[in-house]
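The values are calculated or read from the model by the stated rules, or taken from the named source; none is laboratory data. Remember, predicted model here, so these are calculated numbers, not experimental data. Ideal geometry is used to build each Cβ from the backbone, glycine not excepted, and the neighbour counts take in all protein chains shown. Heavy atoms of the whole protein, side chains included, go into the accessibility calculation; ligands, DNA and RNA do not. Shrake-Rupley method; radii C 1.70, N 1.55, O 1.52, S 1.80 Å.
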Amino acid sequence: MEFQRRQAAARFGVAAAVVAALVYGVGWRRVLSNLAAADLSLFVPAVVASLAGMLVSAEGVRVAIGVSRRSPDASRTRYAALAGMFVRSVLPAGNVGKGAFVAYTVSRGETTSASQGLAGAASWEFLNMLASAGVASVGLLGVVATGRDAGDAPLVLGAFAALLALAVGSLSFAVQRRDLVVSVVLWAARVGRRTLGRLAPRLDTSLSRERVRSTLDVFLGNIGALVKDRRRLVVALLAAHVTWLLGVVPLYLCLEAVGLAVAPSVVLVAMPLAGFALAVPVPGGIGPMDAALGGIVAVLTGYSLSALASALVLFRVATYGTQVTVGGLALWRLQTAFR
C-alpha cells in the first residue's frame, strides 16, 4: 500500500512538473494576465456543461449495464459511475481501473452480478470510443470543408477506426472460438503461476476450464443481451454521443472566454484526438493531454501555445475540477452506503 501511494504521488509530481514546464515556457505573467481578463460569464456555463456530461455519462452506464430505473441498484450504479470518474482522474492509469471499479461496486448491490457489471462497463467504454470517432469525423469534415489543413488528423482517425474494427473482430472471434479463448486464458494462468506465483506465493492463479468457460459465457451473454435489446443499445449509444458533445462544449467556451474565436469543428476534432494522451499513466492525463490538446488546436487555428495556455487552464478547472469534486462526493456517498 505504501509503495502504491509513493508511486501515485510520484506520477502526480510528474504531471505537475509537465504542466509547470508548459506554463513556464509560455510565461507565467502572460497566462495570469489572460486569466484575469477572461470572461467568467462563459466559464460558468463550461462548468455546467461538464457537470451535465457527467450526469449523462452516469445514466449511460446504468443503461449499458442493464439496471432498471426502478431497480434498487439504479442509484448505486449512477453513484458508481460518477465515483469512477474520480478514480480515473486521480489514479495513474485510471482509465483501466474505472471499469473494474464500477463493475465491482455495482455487483455489491441486490440485483446485478459482477459479470453483468463488467460486461456493461466494457460495453459503455466501447460505445464511448465509437462516439468519439463519430464526433471526430464530423469535426474533421467541418475542418476540411472550411479549407483548413487538417494535418495528420485523418491518419490518426483512420488508425482509430482500425482499432475499433479490431475490437469488434476480437469480440466476434471470442464468441465463435470460445474453447480457444479458454485455452489461452488457462495458458496465461500457468505462466502466471510459474512467474508471479514465485514472487507472490499468496497470489491465486489457479483456474479450471469449467470456471473460465462459465465466466466467459456469462460475460459474452450479457454483451449479447445489450446488442439484441435495440432500444437499450440506441439509448446507450445516444448517451455516449451526448456525453462527448457536452465534453467539447467547455473547451469551446473557455477558448471564447479568453478571446480566442474558434470554429466548433476544431474542438470536435481536438478533444477526441487529444484523448489518446490519456494512455500516458499519469492521473487524469494532466500534462500530456494538455500538451496534445494545445498542439492540435494550434495546428488547426494558427494560435500560439502562449495564447492557448490560459484557455487550457480554464478548461482543466472546469472539467477536471468538476470531475474530482463531484466524483469525490459520489465516492463518499458510496462509502457511507456500504457502512
Notebook entry, point to check: For the residue pair VAL184 and SER75, what label-to-label distance in nm results when each label sits 7 Å from Cα along the Cα-to-beta-carbon direction?
Noted result: 4.2 nm
Margin query: Please list, by residue number, everything in segment 241-273 whose backbone N is under 14 Å from a paramagnetic label point 7 Å out along Cα→Cβ of LEU141.
Written below: 265, 269
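Just by accessible area at a 1.4 angstrom probe, what is the order of VAL102, VAL56, VAL234 from largest to smallest?
Values: VAL102 5, VAL56 40, VAL234 95 Å².
Per-residue accessible area, sorted high to low, gives VAL234, VAL56, VAL102.
Counting only other residues whose beta carbon sits under 15 Å from that of PHE126, what net charge do I get with K and R as +1, D and E as -1? Don't skip to the answer; put the middle values down first.
Values: positive: LYS98, ARG232; negative: GLU125.
After counting each charged neighbour, the total is +1.
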Check: Over the heavy atoms of TYR303, what accessible area does a 1.4 Å probe trace out, to the nearest 10 Å²?
Finding: 70 Å²
Checklist line | With DNA, RNA and ligands ignored, accessible area of ILE296 (1.4 Å probe; Å², nearest 10) | finding: 40 Å²
Note to self: Along the Cα→Cβ direction, 7 angstrom out, place labels at SER306 and ALA165. What is the inter-label distance in nm?
What the structure shows: 4.4 nm
Margin query: On a 1.4 Å probe surface of the protein chains, which of GLU125, GLU110 comes out largest in accessible area, and what is the full order?
Written below: GLU110, GLU125
